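S.K.: Here it is: the structure, laid out below.
Each value in this text was obtained by applying a stated rule to the coordinates, not by laboratory testing. Please read these numbers as outputs of a predicted model, since none were measured by experiment. All Cβ positions, glycine included, derive from the backbone under ideal geometry; neighbour counts span all protein chains shown.
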Amino acid sequence: MNAGRFAVVFIVLTALLGGVALWYTAERAFYEPVVFTPGAEIRLVPLTSNQPEPILVKGIEGTDAASSPIKFRACFTTPMSLAMLTETYRIYPGAEPLIAPSSFDCFDAEVIGKALESGEALAFLSEPEIHKGVDRVVAVFPDGRAFAWNQPNASLKD
């Protein structure tokens, strides 16, 4: 009987430790704050060229991890209006924000996704092929709140 209890306790503890390790690697490990400096700012692709150019942003914070090209997330505000942005920069069709780690609470992929579906927010192409098969996307709300993330592009879906 004791051997059976020992086995059950061992299995439960192993599963618990494995679960904690899995959660930690998905939510905390590898992520680091992003430092936005000249040359590493938020950029958008204009309608008139293929070369991304920096846009005006305030209060930017970001997180990224070298372990995957799609872990980048950023939150910021921009004084640029949606009308000006749509007349100047390329819209990004099919934008789907990816879930951010829970420690980066300014980025709510579900809220951003619903706003994009309803047309409340608009998505723009920030950096095409920032990594092989991955584009950077920026979603902007009418009040100037904006969010950036990396997402797989059509070249990976083929």
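S.K.: Which of the aspartates and glutamates could a cross-linker bridge to LYS114, judged by Cα under 13 Å and excluding same-chain residues fewer than eight apart?
M.R.: The qualifying aspartates and glutamates are GLU96.
S.K.: In percent, what relative contact order does the chain have, based on Cα pairs under 8 Å that are 6 or more apart in sequence? Each step should come with its number before you reach the end.
M.R.: Values: 257 pairs, mean separation 33.0, N = 158.
About 21 percent, as a whole number.
S.K.: Then there is this: Distance in nm between label sites at SER68 and ASN2, each 7 Å beyond Cα in the beta-carbon direction?
M.R.: Using points 7 Å along Cα→Cβ, the separation is 4.5 nm.
S.K.: Hey, what number do you get for the chain at 222 nm if only DSSP H runs of n ≥ 4 count, each worth -39500 (n - 2.57), divided across all residues, to the nearest 500? Intermediate results must be reported in sequence, preceding the final value.
M.R.: Values: 4 runs with 47 residues, N = 158.
The helix contribution divided over the chain gives -9000 deg cm²/dmol.
S.K.: How far apart, in nm, are the 7 Å Cα→Cβ label points at ASN50 and GLU129?
M.R.: Between ASN50 and GLU129, the simple spin-label model gives 0.7 nm.
S.K.: Determine the distance separating the Cα centre of segment 129-158 from the Cα centre of segment 111-126; give it in Å without decimals.
M.R.: Computed from Cα coordinates, the inter-centre distance equals 11 Å.
S.K.: Convert 20 °C to kelvin, take the viscosity as 1.002 mPa s, use the Kirkwood radius over C-alpha pairs of segment 31-157 as Rh, and evaluate the Stokes-Einstein diffusion coefficient in µm²/s, rounded to a whole number. Each step should come with its number before you reach the end.
M.R.: On the way: Rh = 14.5 Å.
Stokes-Einstein gives a translational diffusion coefficient of 148 µm²/s.
S.K.: Next up: Work out how much length ASP143 to PHE36 would gain on full extension: take 0.36 nm times their residue separation and subtract the Cα-Cα distance, in nm to one decimal. Mind dumping the intermediate values first?
M.R.: Details: separation 107, 0.36 × 107 = 38.52 nm, distance 2.22 nm.
Result: 36.3 nm gained on full extension.
S.K.: On to the next question. Cut-off under 13 Å on the C-alpha distance; same-chain residues fewer than 8 positions from LYS71 excluded. Which aspartates and glutamates are left, in chain and number order?
M.R.: Candidates past the 8-residue exclusion: GLU27, GLU32, ASP135.
S.K.: Calculate how steeply helix 2-27 sits against the longest principal axis of the alpha-carbon atoms of the chain, using the helix alpha-carbon long axis, and give the answer as 0 to 90 degrees to the nearest 10.
M.R.: Long axis of 2-27 versus the principal axis of the chain: about 10 degrees.
S.K.: Between ARG43, ARG136, ARG145, where does the largest GNM mean-square fluctuation fall for the chain, given springs only between Cα atoms within less than 10 Å?
M.R.: ARG145
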